[in-house]
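> The structure is given below, and queries will be raised subsequently.
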Amino acid sequence: MSANPVALTVFLVLFFATAGLGFYATKMKTVNLSDLGQWGLGGRSFGTLIAWFLLGGDIYTAYTFVAVPALVAGAGATGFFAVPFTILMYPVLFVVMPRLWSVAHKHGYVTAADFVRGRFGSRGLALAVAATGIVATIPYIALQLMGMQIVFAGIGLNFTLNLPVIGAFHDLPLLVAFLVLAIYTYHSGLHGTAIISVAKGILVYVAVLAAVVVIPIELGGYGKIFAAADPKTLLLGHGTESNLGPQFSFASLALGSALALWLYPHSITGVFSSSSRSVLKRNAFLLPSFTFALALIALLGVMAVAVGVKGMPEYAEGYRIFGNNFAIPALFLHSFSPWFAGLAFAAIGVGALVPAAIMAISCGNLFTRNIYKEFIAPDCTPATESKVAKIMSLATKLAALFFVVALQSSYAINLQLLGGIWICQTLPSVMLALYTPRQLNASGLLLGWLAGMVAGTWMAISLQFKGAVYSLDLFGVTIPCYAAIIALLLNILIAYVVSFLVRTISNAPVRDETVAEDYL
Amino acid sequence: MDEKTKKHGFHPVYLLLIVPFVALLWVPFYNRIEPQIFGIPFFYWYQTVWTFLGTACTIPVYLYEERKGK
């Protein structure tokens with residue numbers, strides 16, 4: 001991968017100018033970054049438009065720009081499940097999240113675990129929700145680091161560094177990606193990130209719209225593009241009498257991912273930073289415009305196959321290291337003039353940086369509020385609190401770095417699907433708890449969570465962390481289903497049964513600091 | 001508004017929010033090539049068009065809630 005000087009220059013200028021905007025914006029606003037509510041929630045001040053950019057920048061990540069088209073390019077129709085996923089998550093946003101926003105606003109909750117602590121008066125359950133949030137986000141941050149790594153490598157920043165003690169160091173792009181993210185997050189907080197989300201949105205739309213116009217013209221229309229695709233993977237395989245088949249796993253991946261998405265700490269941070277319920281409801285029908293962009297990017301995966309970038313010698317090294325995850329970078333390098341390729345790469349790079357920063361900030365919030373202050377140092381000052389959050393956010397990034405190195409998976413999307421299995425197990429405690437005044441209690445939820453986590457992790461291990469669709473054999477029928485859904489069903493079942501039993505045998509007082517009006 | 005609606009806060013307009021789930025989770029319905037548009041198989045354009053139809057399902061519910069001052 002040799003560097004094109006024009007592409008490299010445009011990329012570096014745009015990428016670092018955008019990241020620099022984050023620092024500058026923070027300085028301009030005289031935000032007190034040693035206050036967690038400011039660094040971590042942007043002061044709950046974002047209106048419809050800024051929330052649109054911020055949530056869009058937060059939710060549409062390297063998953064969208066790298067992992068989904070990679071799966072479409074490599075495996076065909078299956079990869080398109082991301083489209084129903086990112087459509088179906090909006091009715092969930094519309095119905096569920098305003099309730100969570102209201103109760104959080106009323107009681108000053110910053111994290112989902114804060115809500116669980118208040119709703120059930122259980123430190124143990126809050127700890128479970130906080131720890132799950134952090135653990136599930138780490139592979140998601142890893143996916144962002146991988147996205148940036150691929151961009152840096154693709155643009156030509158892939159020389160080998162000869163270090164005195166360690167010897168030759170090949171993974172410079174990954175190291176650069178990590179350093180950029182770490183320095184950026186530490187200094188900027190959520191205010192700065194909101195500003196660069198705007199730049200990200202603009203860069204992404206320009207790059208995507210250009211791609212879906214220019215590339216089909218080069219290739220002679222969409223008909224030729226789909227004619228070049230592998231007919232075996234153009235559609236999903238049909239099920240048989242004894243196996244529900246890929247159509248079922250497709251639907252389960254879409255539904256499971258849609259249920260998981262708003263439970264992630266970075267999504268909840270984005271939701272809580274909005275200034276009102278109406279901002280969220282409006283965004284439930286404004287944000288799908290980003291889903292449209294996602295669908296177009298998924299189609300770029302089909303185009304990468306039609307162009308045949310995989311077989312071109314100049315991209316062989318990229319494919320050797322990153323597999324199909326290199327499809328979109330290779331397509332951009334091949335189809336765009338160098339300066340526009342630089343712009344498109346900057347779009348992907350910033351596209352990964354924004355969510356990674358919010359993810360790391362959210363993990364910092366979770367650790368500080370629900371683990372450090374709750375169990376280690378209850379009397380710490382706000383300044384210490386903010387400092388711990390920043391150190392913890394750095395620790396999650398280091399863990400993510402480890403994930404990238406340890407799990408160099410052929411499809412980056414598996415990192416996100418793995419996180420989804422875990423985060424889904426907090427659904428009963430966070431989402432069902434918004435609706436069920438008395439049916440659920442802490443003991444039931446904790447046992448359900450434990451069962452879901454154990455079952456989900458066990459399925460992931462049995463798939464060797466290389467996939468997320470587990471084949472369940474039930475009454476002689478094979479059901480290939482996203483492991484998150486199977487684990488969640490078990491979780492919900494146990495949560496209700498145990499809650500019911502506990503309620504019948506004991507009359508311990510209900511410790512719920514919220515009342516019905518708080519949710520409206 | 002009748003008594004029952006007031007109590008449960010349910011109005012038929014909320015059923016619109018279920019429509020995308022039916023349309024997109026019943027995969028056999030759209031797992032096909034024909035009819036194509038501009039050479040794009042049904043499977044691909046159907047799901048892409050739903051990014052807009054999903055919005056079209058949500059807006060009436062939003063307007064209803066705003067009018068009710070919810």
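> Taking the condition of being in a helix (DSSP H, G or I) and more than 7 Å from every other protein chain (Cβ to nearest Cβ), how many residues in segment B:21-43 meet it?
Looking only at that region, the number is 5.
> A:LEU145: at pLDDT below 90, surrounded by 14 or more Cβ atoms within 10 Å (Cβ to Cβ) and not in a helix (DSSP H, G or I), yes or no?
no
> For the list (1) surrounded by 15 or more Cβ atoms within 10 Å (Cβ to Cβ); (2) more than 7 Å from every other protein chain (Cβ to nearest Cβ); (3) over 30 Å from A:ALA306 (Cβ atoms); (4) without any contact (Cβ under 8 Å) to a residue 40 or more places away in the chain, I need the number of the one condition that B:TYR62 fails.
(2)
> Could I ask something else about it? Answer yes or no: is there a residue in segment A:300-311 that is modelled with pLDDT of 90 or more, outside any helix (DSSP H, G or I) and aliphatic (A, V, I, L, M).
No, because not a single residue in segment A:300-311 is modelled with pLDDT of 90 or more, outside any helix (DSSP H, G or I) and aliphatic (A, V, I, L, M).
> Another question, then. Just to be sure I understand, how many residues within segment A:42-80 are buried (at least 24 other Cβ atoms within 10 Å of the Cβ) and in contact with a Lys or Arg (Cβ under 6 Å, 6 or more places away or on another chain)?
Matching residues across segment A:42-80 total 1.
> Next question. Of the residues A:SER252, A:SER278, A:SER289, A:SER267, which single one is touching a Gly at 6+ places or on another chain (Cβ under 9 Å) and either at pLDDT 90 or above or part of a loop (DSSP other than H, G, I, E, B) (or both)?
A:SER289
> Where residues in segment A:238-260 are facing another protein chain (nearest Cβ under 9 Å) and without any contact (Cβ under 8 Å) to a residue 60 or more places away in the chain, which of them is nearest to the chain's Cα centre (by Cα)?
Ranking the candidates gives A:GLN247 first.
> All but one of (1) under 22 Å from A:SER273 (Cβ atoms); (2) modelled with pLDDT under 90 hold for A:ILE423; which doesn't?
(2)
> Given the condition out of contact with any helix residue (DSSP H, G or I) (no Cβ under 6 Å at 6 or more places or on another chain), assigned to a helix (DSSP H, G or I), aliphatic (A, V, I, L, M) and farther than 30 Å from A:VAL405 by Cα, answer yes or no: does some residue in segment A:460-477 qualify?
No, every residue in segment A:460-477 fails to be out of contact with any helix residue (DSSP H, G or I) (no Cβ under 6 Å at 6 or more places or on another chain), assigned to a helix (DSSP H, G or I), aliphatic (A, V, I, L, M) and farther than 30 Å from A:VAL405 by Cα.
The values are calculated or read from the model by the stated rules, or taken from the named source; none is laboratory data. Just so it is clear, the structure is predicted and the values come from calculations on it, not from any experiment. Glycine gets a Cβ as well: all are built from the backbone with ideal geometry, and neighbour counts include every protein chain shown.
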